[in-house]
Amino acid sequence: MTDAVRSFMDKKAVAQVLEQIAAFLELKGENPFRIRAFRTAARAVGSFPGDLREGLEDGGLASTKGVGPATLQIVSEIVASGRASMLEELREQIPPGLVEMLDISGLGVAKIRQIHEVLDIDSIPELEAAALDGRLAKLPRFGPKTSENILKGIAYLRQASAFRLLHHAADEAEGLCAAFQRLPGVLKAVVAGDVRRRVEVVRDVVLVVVADIAPAELFKRLSQLPGVHEFAGQDDRRMTLRFAGGASAQIVVTTPVNFGAVLVQATGSEAHLRQVAAHAAEREFALTGAALWRGSTFVPTSDEATFYTALGLDVIPAELREGMGEVDAAAEHRLPRLVAREDLRGFLHCHTRYSDGSNTIEQLALACREAGYGYIGITDHSQAAAYAGGLRPEDLARQSDEIDEVNARLEGIRVLKGVEADILQDGRIDFDEEVLARLDFVIASIHTRFNMGEREMTARLLTAMDNPHLTIIGHPTGRLLLSRDPYGLDLDAVIDKAAATGVALEINADPHRLDLDWRHARRARERGVRFSIGADAHSVAGIDNVTYGVHVARKAWLGPADVLNARPVEEFLAIRRQRA
């Protein structure tokens, strides 16, 4: 059990510590080669395929490229004690405010050093004051725009500090569940809360633990786990654990006979639970003390199906439990059949070595075939995206020939010729009609000029959607979760245009984007818009992103018929040809 908890914590925590050491050394102006060594080691540890403790014991980590003797010693110290003395020493040497500035989006170490050395600023409040009074803009290589972006970054940091991205929170929750299930007295541990509803940013990780021992005894065992930094009991069945690696979790304990009622209450949003309680009251049931009652009679609920059935409701998928009409739909037996990962026939939106990806066409195709897809759409960047190795027309032609060769060799998967073309400032798509016409499909996305006004940005997108070769609008609002707001956009106008033209809106499954937002996607579905679920994969590992896109689609009440790549390849291509 001890090893299971440490295995969950170590890889992420150790890589984070090594990255912090590198940043602290850079803040001090240390040797660049030493700084680079720590960053290389952080990447190596973060991607190490096995368990870190086993890797230390059998020498596997020591033989990993990028992990040298000095970093190996630090890894050993963290795994053994949960701390790194070098990091603690560096913290003593660097003003805490400079360390906090590292978390401001777009403010790198070099700029932080310049601000500190020139303006003698060593705290975020001082930095904010300098940005507001104009001192920051006067620094070399800064200017008003950089100063404005730093103010936005400070605002984001304050807003985001209590939240984590879904995929990070899910990893923490699933790792803890696996660890808890090996504790004596624990029958089952299940993820609940925001993570189970697949909310895009998560404040609290919540786990429901089914136990056959008293909650007080279980809490005692949990509080003694290695790596637990802090614990606090909330009441006789709930507690919060905080781990040295930064993870935290709310633990709710129940007996098997009441598991269904507890899991429903630990999963649903406040609005969902209010609507369930109101529905229950209409039928003379009550949710009291985390249990279901009919009058004074306790109603056993061994699982969620038993709970919902007792109230005359269809079982409501966890993703829908947001208080947005799902209780009424469940009462009237009209919940939709939601799209599932298994419904997806095609894998769309991926980048190869031709632009900024790390795998070949064939490697991605083979990985997608192994994952059960029938076709894959290659969509490298277009020529305007020079920063990402964007393809010129002749590069696209060369790639087309390679795709033909791969299709001739491989069975069980078909490779489609696509592109993720930039939408230029005036709404033109970054290839002429002749080039676009030769492709199987076209994704068009905005990657530049995010600061255009709402009217201009909306016109830019609407103009692009008039292009008959366009199949899909990629990451339609441009947001980066906890990092960048959506650009100004009349999304209702875009939704209406998508419905009228047949252009699909992408649900970009990169867990840093999850764009289109599920709330907007539900609105678009109600207006008859088509969607694609695109992984935006830049490597074979990115194929798994699709799962997060499917969760967004489910939260938006989408079924298989709403999703282009849930269709067979010939049907997908026929829809594309309808627009051309």
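Below are the figures for this structure:
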{"quantity": "Test: residue in the range 258-269 that is surrounded by fewer than 16 Cβ atoms within 10 Å (Cβ to Cβ) and either closer than 30 Å to residue 178 by Cα or in contact with a strand residue (DSSP E or B) (Cβ under 8 Å, 6 or more places away or on another chain) (or both)", "calculated": "no"}
{"quantity": "Options 61, 102, 52: the member that is surrounded by 14 or more Cβ atoms within 10 Å (Cβ to Cβ), within 28 Å of residue 151 (Cβ to Cβ) and in contact with a helix residue (DSSP H, G or I) (Cβ under 6 Å, 6 or more places away or on another chain)", "calculated": "102"}
{"quantity": "Count of the range 174-204 residues which are within 19 Å of residue 290 (Cβ to Cβ) and part of a strand (DSSP E or B)", "calculated": "7"}
{"quantity": "Residues of the range 95-127 satisfying the condition of being touching a Leu at 6+ places or on another chain (Cβ under 7 Å) and either without any contact (Cβ under 8 Å) to a residue 40 or more places away in the chain or in a helix (DSSP H, G or I) (or both)", "calculated": "98, 101, 109, 112, 113, 114, 115, 116, 118, 121, 122"}
{"quantity": "Test set (1) more than 34 Å from the chain's Cα centre (by Cα); (2) surrounded by 15 or more Cβ atoms within 10 Å (Cβ to Cβ); (3) more than 19 Å from residue 331 (Cβ to Cβ); (4) of a type outside the set (D, E, K, R) - residue 310 fails condition number", "calculated": "(3)"}
{"quantity": "Subset of the range 379-408 that is among the polar types (S, T, N, Q) and in a helix (DSSP H, G or I) - its residue that is farthest from residue 450 (Cα to Cα)", "calculated": "407"}
{"quantity": "Matching residues, the range 519-534, being over 21 Å from residue 335 (Cβ atoms) and surrounded by 23 or more Cβ atoms within 10 Å (Cβ to Cβ)", "calculated": "532, 534"}
{"quantity": "Members of the range 409-427 found to be in a loop (DSSP other than H, G, I, E, B) and on the phi < 0 side of the Ramachandran plot, listed by number", "calculated": "410, 411, 413, 418, 419, 424, 425, 426"}
{"quantity": "Unique match (being surrounded by fewer than 20 Cβ atoms within 10 Å (Cβ to Cβ), of a type outside the set (Ser, Thr, Tyr) and farther than 30 Å from residue 452 by Cβ) among 194, 171", "calculated": "171"}
{"quantity": "Residue within the range 445-455 that is hydrophobic (A, V, I, L, M, F, W, C) and at pLDDT 95 or above present", "calculated": "no"}
{"quantity": "Verdict on residue 400 being modelled with pLDDT under 95, of a type in the set (Ser, Thr, Tyr), assigned by TED's automatic domain parsing to the domain that holds residue 537 and surrounded by fewer than 22 Cβ atoms within 10 Å (Cβ to Cβ)", "calculated": "no"}
{"quantity": "The listed residue being under 30 Å from residue 210 (Cβ atoms) and at pLDDT 90 or above, out of 119, 139, 165, 187", "calculated": "187"}
{"quantity": "Single condition residue 327 does not satisfy, out of (1) outside the structural domain of residue 556 (by TED's automatic domain parsing); (2) at pLDDT below 95", "calculated": "(2)"}
{"quantity": "Selection status of residue 289, closer than 30 Å to residue 187 by Cβ and free of Cβ contacts under 8 Å to residues at least 60 places away in the same chain", "calculated": "yes"}
{"quantity": "Selection status of residue 250, in a helix (DSSP H, G or I) and either touching a residue at least 40 places away in the same chain (Cβ under 8 Å) or not acidic (Asp, Glu) (or both)", "calculated": "no"}
{"quantity": "Given (1) in contact (Cβ under 8 Å) with a residue 60 or more places away in the chain; (2) on the phi < 0 side of the Ramachandran plot; (3) outside the structural domain of residue 125 (by TED's automatic domain parsing), index of the condition residue 205 fails", "calculated": "(1)"}
{"quantity": "Qualifying position, being in a helix (DSSP H, G or I) and among the acidic types (Asp, Glu), among 26, 30", "calculated": "26"}
{"quantity": "Filter pass, residue 435 being surrounded by fewer than 23 Cβ atoms within 10 Å (Cβ to Cβ) and closer than 30 Å to residue 415 by Cα", "calculated": "yes"}
{"quantity": "Top-ranked residue of the range 340-362 - restricted to ones that are without any contact (Cβ under 8 Å) to a residue 60 or more places away in the chain and crowded, with 19+ Cβ neighbours inside 10 Å, ranked as farthest from residue 384 (Cα to Cα)", "calculated": "361"}
{"quantity": "Any chance residue 405 is crowded, with 23+ Cβ neighbours inside 10 Å and either free of Cβ contacts under 8 Å to residues at least 24 places away in the same chain or in the same structural domain as residue 371 (by TED's automatic domain parsing) (or both)", "calculated": "no"}
{"quantity": "Residue 132 surrounded by 14 or more Cβ atoms within 10 Å (Cβ to Cβ) and either in a helix (DSSP H, G or I) or touching a residue at least 24 places away in the same chain (Cβ under 8 Å) (or both)", "calculated": "no"}
{"quantity": "So residue 180, is it aromatic (Phe, Trp, Tyr) and closer than 30 Å to residue 78 by Cα", "calculated": "yes"}
{"quantity": "Residue within the range 343-350 that is of a type in the set (Phe, Trp, Tyr) and farther than 30 Å from residue 368 by Cβ present", "calculated": "no"}
{"quantity": "From 155, 129, 137, residue being in contact with a Gly (Cβ under 7 Å, 6 or more places away or on another chain) and outside the structural domain of residue 226 (by TED's automatic domain parsing)", "calculated": "137"}
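Rundown of residues vs (1) among the hydrophobic types (A, V, I, L, M, F, W, C); (2) in a helix (DSSP H, G or I), yes/no style:
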{"site": "213", "(1), (2)": "yes, no"}
{"site": "242", "(1), (2)": "no, no"}
{"site": "261", "(1), (2)": "yes, yes"}
{"site": "277", "(1), (2)": "yes, yes"}
{"site": "287", "(1), (2)": "yes, no"}
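Matching residues to (1) modelled with pLDDT of 90 or more; (2) within 29 Å of residue 112 (Cα to Cα); (3) part of a helix (DSSP H, G or I); (4) under 23 Å from the mean Cα position of the chain (by Cα):
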position	(1), (2), (3), (4)
3	no, no, yes, no
17	no, yes, yes, yes
55	no, no, yes, no
66	no, yes, no, no
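The values are calculated or read from the model by the stated rules, or taken from the named source; none is laboratory data. All values derive from a computational prediction rather than experimental measurement. Using ideal geometry, Cβ is built from the backbone for each residue, glycine included, and neighbour counts are taken over all protein chains shown.
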